[in-house]
1. Hey, among the residues in the range 85-101 that are modelled with pLDDT of 95 or more and crowded, with 23+ Cβ neighbours inside 10 Å, which one's farthest from G141 (Cα to Cα)?
2. Looking only at the range 43-57, which residues are in contact (Cβ under 8 Å) with a residue 24 or more places away in the chain and outside any loop (DSSP other than H, G, I, E, B)?
3. Give all pairs with beta carbons closer than 6 Å in which a residue from the range 81-96 that is outside the structural domain of F138 (by TED's automatic domain parsing) and more than 13 Å from V249 (Cβ to Cβ) meets a residue that is open to solvent by less than 20 Å² (accessible area, probe 1.4 Å) and at pLDDT 95 or above; count only pairs at least 6 apart in sequence or on separate chains.
4. Looking only at strands (runs of 3 or more DSSP E) that fall completely inside the range 147-249, which ones have 1 or more residues that are in the same structural domain as A106 (by TED's automatic domain parsing) and over 26 Å from R53 (Cα atoms)?
5. Go through the range 32-43 and count every residue that is open to solvent by 30 Å² or more (accessible area, probe 1.4 Å) and within 24 Å of the chain's Cα centre (by Cα).
6. Taking only the range 118-136 into account, find how many residues are open to solvent by 60 Å² or more (accessible area, probe 1.4 Å) and in contact with a helix residue (DSSP H, G or I) (Cβ under 7 Å, 6 or more places away or on another chain).
Amino acid sequence: MLKEERFRIILDQLGQDQKVHLAGLSGILNVSEDTVRRDIKELADQGLLKSVRGGAVPHSPGPHRFKDRVEYGSEQKQIIAGKALSFLKDGQVAIFDGGTSALLIAQALPKDIHLTVVTNSFPIASILEEHEKVEVLFAGGRLLKNSFVTIGNETIQFFRKFRADICFLGICSIHPDFGVTGPDYEESEVKRAMVESSREIIALSTMEKLGTAEAYYVCPTNQLTTIITDQPDNLDAFEIYKSMGINMV
């Protein structure tokens, strides 16, 4: 079997099962596990999957640059933002990360709600500048230009000063085994500080991001309180995350 044929079969299996194992692929392809391991590494180098111990899982779909993400999946994100509003109450301290779903929540905040919003997102701070009853605390630091957020030690230490009621965490990837992950090391470190500084962690994730993984770890999946998604009626996903003690709406 040609290498290209093996690649196609590996990607087909990954699309069907959302994960592949070296031993299973070795039997399907009738090659050694070392050959499968080399194939997976080459596919990972091409950005087509995420190599993990013993196999591979999908990469998160969609673009990573903020400007590209604003329009990507906008209808699904509007659904997510609408649901997220029900978790907010007067007087809360809420952390908003730099995701585009969190941006939509900021845009949709009722004019009469009283909140303190802590964020490292320039677009969110700009939107809330005009909200008369929302106090905005902005985390300084170094600008990550492709995401329009601040990063670095100064940003991390800023978030560690809070014990927020709620954190809206924009998601790149969630996997039951590999946790919440992201494509940028420093941004993932900031997200981890947000999680550690919040009582309730609300993950904002389109369904296609569930079961995927990226390179940089944020937190274990079971640290999430709730996952808000555009398709909560996906029974397979619902049962997986419900078994971990996570509310899914």
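1. First, pick out the residues of the range 85-101 that are modelled with pLDDT of 95 or more: 85-97.
Right, trim to crowded, with 23+ Cβ neighbours inside 10 Å and you get 94-97.
Values: A94: 20, I95: 16, F96: 16, D97: 14 Å.
Per the stated criteria, the residue is A94.
2. From the range 43-57, those in contact (Cβ under 8 Å) with a residue 24 or more places away in the chain are 43, 48-50, 52, 54-57; that's our starting set.
Selection gives L43, K50, V52, G55, A56, V57.
3. Correct list of pairs: empty, since none qualify.
4. Details: elements: 149-151, 164-170, 173-175, 179-182, 198-204, 216-219, 226-228.
Passing ranges, in order: 149-151, 164-170, 198-204, 226-228.
5. So the first thing to find is which residues in the range 32-43 are open to solvent by 30 Å² or more (accessible area, probe 1.4 Å), and the list is 32-34, 37-38, 41-42.
Now restrict to residues that are within 24 Å of the chain's Cα centre (by Cα): 41.
Going through the range 32-43 one residue at a time, the tally reaches 1.
6. Within the range 118-136, the subset open to solvent by 60 Å² or more (accessible area, probe 1.4 Å) is 122, 126, 129-130, 132-133, 135.
Next, from what is left, pick out any that are in contact with a helix residue (DSSP H, G or I) (Cβ under 7 Å, 6 or more places away or on another chain): none.
Number satisfying all stated conditions: 0.
Quick grid of which residues meet (1) touching a Pro at 6+ places or on another chain (Cβ under 7 Å); (2) not small (G, A, S); (3) not assigned by TED's automatic domain parsing to the domain that holds T206:
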| position | (1), (2), (3) |
| --- | --- |
| L14 | yes, yes, yes |
| K19 | no, yes, yes |
| S26 | no, no, yes |
| N30 | no, yes, yes |
| T35 | no, yes, yes |
| D45 | no, yes, yes |
| L49 | yes, yes, yes |
| R53 | no, yes, yes |
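Condition check ((1) within 13 Å of the chain's Cα centre (by Cα); (2) buried (at least 17 other Cβ atoms within 10 Å of the Cβ)) across all residues:
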residue	(1), (2)
F162	no, yes
P183	yes, no
E186	no, yes
S205	yes, yes
Y217	yes, yes
T221	yes, yes
D230	no, yes
K242	no, no
V249	no, no
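The values are calculated or read from the model by the stated rules, or taken from the named source; none is laboratory data. Just so it is clear, the structure is predicted and the values come from calculations on it, not from any experiment. Cβ coordinates were reconstructed from backbone atoms using ideal geometry, including for glycine residues, and neighbour counts include every protein chain displayed. The protein model used for the area step is the full one, side chains on, heavy atoms only, and it has no ligands, DNA or RNA in it. Shrake-Rupley method; radii C 1.70, N 1.55, O 1.52, S 1.80 Å.
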